[in-house]
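K.L.:
What follows is a structure written as structure tokens; I'll ask about it next.
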Amino acid sequence: MLREFALSVVFALSACSGSHSPPPAAQHEAAPRAVAIARREIVVRGVTVAYRCAGASSDPCVLLLHGAKYSSKTWEELGTLALLATNGYRAIAIDLPGFGESQAAEVDAARFVLELCDSLSISKCALISPSMSGRFAFPFVATHPERVAAFIPIAPVGIVEFSPKLASLAAPTLVVWGANDAVIATSQADTLTAAIPHAEKFLIADADHACYIAQPKAFHTRLLAFLGHALFSKKR
């Protein structure tokens, strides 16, 4: 009990701070230890945006968006934020405008992620973008590929519109899809994978559109392996 309490205090003090996280050799830990998730707000172009974060600010940043039925809390409940922080990443999950605890407002989707990253002092990030959030993620990765360390689209919307604009994206990309997705056909996964120079496809068996929620263990295992190679092997 005392050891668990001590661990929770250590992570509470280090969450989203500048303290150092485990070195790259600590990658692929099977399960997260007790990690404090901080809930914060930031104003982006006059819009109050709520977000949850964990990990040290000096660690490689993973920015998590969400689908239309979900919010930043989804990533906390799924254990993704804690798992990323435990494995040496600065994990930030946001509530998109009008979702979760963020202010409802009309925003320029094409500029939102860029302005958010600037406001949070994120020079470069690994971007996770499920479903609806593709309309925010695609303009960012297409227009500012130099700010993208890695890209993890999860059955995102906007593939037809943005596929022709992704040839300049040099970041390692993991295209994630549920094998039983009835919302966006798995053929779209092939279209997206072919459009990005350094992309690979990961099909999750026995999973539908929200595949990362249906099969979190499979998703987390592949995500950690991908990020470990994409972010640490090249010291991004």
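K.L.:
Can you confirm whether Asp181 is assigned to a loop (DSSP other than H, G, I, E, B), modelled with pLDDT of 95 or more and not hydrophobic (A, V, I, L, M, F, W, C)? Write out each step before concluding.
P.N.:
Values: assigned to a loop (DSSP other than H, G, I, E, B): yes; modelled with pLDDT of 95 or more: yes; not hydrophobic (A, V, I, L, M, F, W, C): yes.
Yes, satisfied.
K.L.:
What's the total number of residues in region 139-150 that are in contact with a helix residue (DSSP H, G or I) (Cβ under 8 Å, 6 or more places away or on another chain) and under 12 Å from Thr173 (Cβ atoms)? Show your work before the answer.
P.N.:
We begin by selecting, within region 139-150, every residue in contact with a helix residue (DSSP H, G or I) (Cβ under 8 Å, 6 or more places away or on another chain); these are 139-140, 142-144, 147-150.
Among the residues that remain, those that are also under 12 Å from Thr173 (Cβ atoms) are: 148-150.
So the answer is 3.
K.L.:
Something else: Looking at this structure, is Ala207 part of a loop (DSSP other than H, G, I, E, B), of a type outside the set (D, E, K, R) and surrounded by 13 or more Cβ atoms within 10 Å (Cβ to Cβ)? First the steps, then the outcome.
P.N.:
On the way: part of a loop (DSSP other than H, G, I, E, B): yes; of a type outside the set (D, E, K, R): yes; surrounded by 13 or more Cβ atoms within 10 Å (Cβ to Cβ): yes.
In short, yes.
K.L.:
Right, here's the next one. Do we find a residue being out of contact with any strand residue (DSSP E or B) (no Cβ under 8 Å at 6 or more places or on another chain), open to solvent by 20 Å² or more (accessible area, probe 1.4 Å), part of a loop (DSSP other than H, G, I, E, B) and closer than 20 Å to Gly134 by Cα anywhere in region 214-234?
P.N.:
Taking region 214-234 first, the residues out of contact with any strand residue (DSSP E or B) (no Cβ under 8 Å at 6 or more places or on another chain) are 216-217, 220-221, 224-225, 228-229, 232-234.
From the residues that got through so far, the ones that are open to solvent by 20 Å² or more (accessible area, probe 1.4 Å) too are 216-217, 220-221, 225, 229, 232-234.
Imposing the further condition that a residue be part of a loop (DSSP other than H, G, I, E, B) reduces the set to 233-234.
If we keep only those that are closer than 20 Å to Gly134 by Cα as well, we get none.
So far as region 214-234 goes, no, none of its residues is out of contact with any strand residue (DSSP E or B) (no Cβ under 8 Å at 6 or more places or on another chain), open to solvent by 20 Å² or more (accessible area, probe 1.4 Å), part of a loop (DSSP other than H, G, I, E, B) and closer than 20 Å to Gly134 by Cα.
K.L.:
Take Ala185 and decide whether it is among the aliphatic types (A, V, I, L, M), without any contact (Cβ under 8 Å) to a residue 60 or more places away in the chain and on the phi > 0 side of the Ramachandran plot. Before the answer, list the steps.
P.N.:
On the way: among the aliphatic types (A, V, I, L, M): yes; without any contact (Cβ under 8 Å) to a residue 60 or more places away in the chain: yes; on the phi > 0 side of the Ramachandran plot: no.
Criteria not met by Ala185.
K.L.:
Here is a follow-up. Name the single residue that is nearest to the chain's Cα centre (by Cα) among those in region 164-194 being open to solvent by 10 Å² or more (accessible area, probe 1.4 Å) and aliphatic (A, V, I, L, M). Before the answer, list the steps.
P.N.:
First, the residues of region 164-194 that are open to solvent by 10 Å² or more (accessible area, probe 1.4 Å): 164-165, 167-168, 170, 172, 179-188, 190-191, 193-194.
Cutting the leftovers down to aliphatic (A, V, I, L, M) gives us 167, 170, 179, 182-185, 194.
On the way: Ala167: 21, Ala170: 18, Ala179: 21, Ala182: 23, Val183: 21, Ile184: 20, Ala185: 22, Ala194: 21 Å.
It comes out as Ala170.
K.L.:
Then there is this: Failed condition for Ala171, given (1) part of a helix (DSSP H, G or I); (2) modelled with pLDDT of 95 or more, with all others met?
P.N.:
(1)
K.L.:
With respect to Phe151, is the statement that it is closer than 22 Å to Ala214 by Cα and either modelled with pLDDT under 95 or assigned to a loop (DSSP other than H, G, I, E, B) (or both) true?
P.N.:
Values: closer than 22 Å to Ala214 by Cα: yes; either modelled with pLDDT under 95 or assigned to a loop (DSSP other than H, G, I, E, B) (or both): no.
In short, no.
K.L.:
Shifting gears a bit: Out of Ala105, Ala30, Ala56, I need the residue that is hydrophobic (A, V, I, L, M, F, W, C), assigned to a loop (DSSP other than H, G, I, E, B), closer than 21 Å to Leu174 by Cα and at pLDDT below 95. Which one?
P.N.:
Values: Ala105 fails: closer than 21 Å to Leu174 by Cα; Ala56 fails: closer than 21 Å to Leu174 by Cα.
The conditions single out Ala30.
K.L.:
Does region 105-112 contain at least one residue that is open to solvent by less than 10 Å² (accessible area, probe 1.4 Å) and aliphatic (A, V, I, L, M)? Break it down into steps so the answer makes sense when it comes.
P.N.:
Looking only at region 105-112, we keep the residues that are open to solvent by less than 10 Å² (accessible area, probe 1.4 Å), and these are 112.
Checking which are aliphatic (A, V, I, L, M) leaves us with none.
So far as region 105-112 goes, no, none of its residues is open to solvent by less than 10 Å² (accessible area, probe 1.4 Å) and aliphatic (A, V, I, L, M).
K.L.:
Just to be sure I understand, how many residues within region 68-81 are open to solvent by 10 Å² or more (accessible area, probe 1.4 Å) and within 12 Å of Tyr51 (Cβ to Cβ)? Quick ask: steps written out before the conclusion?
P.N.:
So in region 68-81, the residues open to solvent by 10 Å² or more (accessible area, probe 1.4 Å) come out as 68-71, 73-74, 76-79.
Subsequent filtering for residues that are within 12 Å of Tyr51 (Cβ to Cβ) retains 71, 73, 76.
Counting residues in region 68-81 that are open to solvent by 10 Å² or more (accessible area, probe 1.4 Å) and within 12 Å of Tyr51 (Cβ to Cβ) gives 3.
K.L.:
Something else about it: Is it the case that region 82-89 has a residue that's open to solvent by 40 Å² or more (accessible area, probe 1.4 Å) and either of a type in the set (A, V, I, L, M) or touching a residue at least 12 places away in the same chain (Cβ under 8 Å) (or both)?
P.N.:
Just the residues of region 82-89 that are open to solvent by 40 Å² or more (accessible area, probe 1.4 Å), to begin with: none.
Checked region 82-89: no residue is open to solvent by 40 Å² or more (accessible area, probe 1.4 Å) and either of a type in the set (A, V, I, L, M) or touching a residue at least 12 places away in the same chain (Cβ under 8 Å) (or both).
K.L.:
Right, here's the next one. Would you point out which residue out of Gly134, Gly79 is at pLDDT 95 or above and on the phi > 0 side of the Ramachandran plot?
P.N.:
On the way: Gly134 fails: on the phi > 0 side of the Ramachandran plot.
So the residue among Gly134, Gly79 that is at pLDDT 95 or above and on the phi > 0 side of the Ramachandran plot is Gly79.
Results for (1) without any contact (Cβ under 8 Å) to a residue 24 or more places away in the chain; (2) assigned to a loop (DSSP other than H, G, I, E, B); (3) open to solvent by less than 30 Å² (accessible area, probe 1.4 Å), shown as yes or no for each residue.
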| site | (1), (2), (3) |
| --- | --- |
| Leu96 | no, yes, yes |
| Phe99 | no, yes, no |
| Leu114 | no, no, yes |
| Cys117 | no, no, yes |
| Ala126 | no, no, yes |
| Pro139 | no, no, yes |
| Phe162 | no, no, yes |
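The values are calculated or read from the model by the stated rules, or taken from the named source; none is laboratory data. Predicted model only: the values in this text are computed from it and were never measured. FYI the Cβ positions are ideal-geometry reconstructions off the backbone, even for glycines, and counts take in every protein chain you see. To get the accessible areas, we keep the full protein, side chains included, count just its heavy atoms, and leave off ligands, DNA and RNA. Shrake-Rupley method; radii C 1.70, N 1.55, O 1.52, S 1.80 Å.
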